[in-house]
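Encoded as structure tokens, the structure appears first; notes follow it.
Since every read-out is calculated from the coordinates, none of them should be taken as a lab result. As the structure is a computational prediction, the values presented were derived from the model and not from experiment. So basically every Cβ, Gly included, is an ideal-geometry build from the backbone, and we count neighbours across all protein chains shown.
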Amino acid sequence: MSSNLIIGCSKDELVKIRQFTSDALEDQKVPDLQAHKLVLAVDEVCANLIIHANNCNPENQIEFDIQFNPKQIVFTFKDKGVGFDINQYESPSMEEIVSTRRQGGLGLMLVKRIMDKIEFSTEKNHNICRLIKTYP
Amino acid sequence: MTEINTDRKEDIHFISVNGEIDAGSSIFLDNALKEAVENNEKKIVVDLTNLNYISSAGLGVFISHLDEFETNKIKLVLFGINESVKEVFSILGLEKLLTIVNSEKEAIDSFNE
């Protein structure tokens with residue numbers, strides 16, 4: 001079973017993708033605590049795509065899809081912005097974040113800790129990022 | 001939707017954060033903390049009782065002020081975090097960096113320790 005959504009690259013759209021994800025997870029009876037973390041991971045990736053990959057250009061779009069498989073939930077983001085492979089990015093340490101007084105760096109740390117697998121690829125002129133959560 | 005209110009009780013500056021803090025609204029939290037610092041507040045309590053959601057943008061705001069607070073001897077205490085939000089704090093180990101208590105009373109009492 002899958003559901004999909006298209007949003008413009010504006011930070012105002014983040015609430016939309018969170019609600020969409022939350023509703024889909026609720027439909028699938030994912031427990032609240034788990035669902036909250038999954039929504040967060042989706043929000044973090046989406047925020048990065050909006051801000052860094054697409055420069056908050058509302059005319060650019062992100063296609064978002066959730067696929068519910070028997071033992072996995074797969075969240076897929078497609079966009080045409082600047083490609084960024086989360087797997088290649090090394091998050092700064094918490095000490096570095098505190099000492100440099102920076103506000104960024106925590107988002108991808110959260111995504112990596114919440115999700116079991118992150119896949120990144122480029123097909124034709126699309127970037128595709130997949131977040132995978134596996135259930136036993 | 002985000003709503004931030006401030007209050008004062010004795011010499012403690014209260015900031016209540018309601019709704020959701022994400023990449024679009026974290027600026028409001030940042031502004032509230034900056035304003036408190038500019039007004040020379042030394043005791044700041046952040047009431048998160050009605051905070052439903054916070055992303056890294058919001059968490060980053062707290063973290064980005066830690067060094068400044070230590071330098072300027074400002075004490076920041078958070079209270080009222082719900083289970084889901086607390087889980088997010090613990091994923092990053094933020095409970096070790098921030099003072100988090102369970103109630104407003106505990107927050108106020110923490111300044112007398």
Given labels modelled 7 Å from the Cα in the Cβ direction, how far is it in nm from residue A:65 to residue B:91?
-> 2.4
Step through the residues of segment B:92-109 one at a time and calculate ³J(HN,Hα) from phi using the Karplus curve (6.51 cos²θ - 1.76 cosθ + 1.60, θ = phi - 60°), rounding each to whole Hz and writing x for Gly and Pro.
-> 9, x, 6, 5, 7, 9, 10, 8, 10, 10, 8, 9, 5, 4, 4, 4, 5, 5
For segment A:25-136, just list the percent of Cα-Cα distances falling in each 10 Å bin from zero outward, please.
-> 13, 43, 32, 11, 0
GluC sites (Glu not before Pro), restricted to segment A:63-136: which are DSSP loop and have at most 16 other Cβ atoms within 10 Å?
-> A:90
Theoretical ellipticity at 222 nm over the protein assembly as shown - DSSP helices of four or more residues, -39500 (n - 2.57) apiece, nearest 500 | -11000 deg cm²/dmol
Residue by residue, what Karplus-based ³J(HN,Hα) values in Hz, rounded to whole numbers, does segment A:51-61 have, using 6.51, -1.76 and 1.60 with θ = phi - 60° and x for Gly and Pro?
-> 7, 8, 7, 10, 6, 6, 8, x, 7, 7, 10
Taking Cα pairs closer than 8 Å and at least 6 residues apart, the relative contact order of chain B in percent is 24
Expected vector for segment A:83-90, Karplus 3J(HN,Hα) from phi with 6.51, -1.76, 1.60 and θ = phi - 60°, integer Hz, x for Gly and Pro, equals x, 9, 8, 4, 5, 8, 8, 9
Most fluctuating residue of B:27, B:91, B:15 in a GNM of chain B with Cα springs under 10 Å: which is it?
-> B:91
Above-threshold pairs, the threshold being 32 Å between Cα atoms, out of A:80/B:86; A:29/B:86; B:42/B:96; A:71/A:124 = A:80/B:86
For the pairs A:37/A:78; A:16/A:117; A:133/B:73; A:16/B:34; A:16/B:105, note any where the Cα-Cα span goes beyond 32 Å.
-> A:133/B:73; A:16/B:105
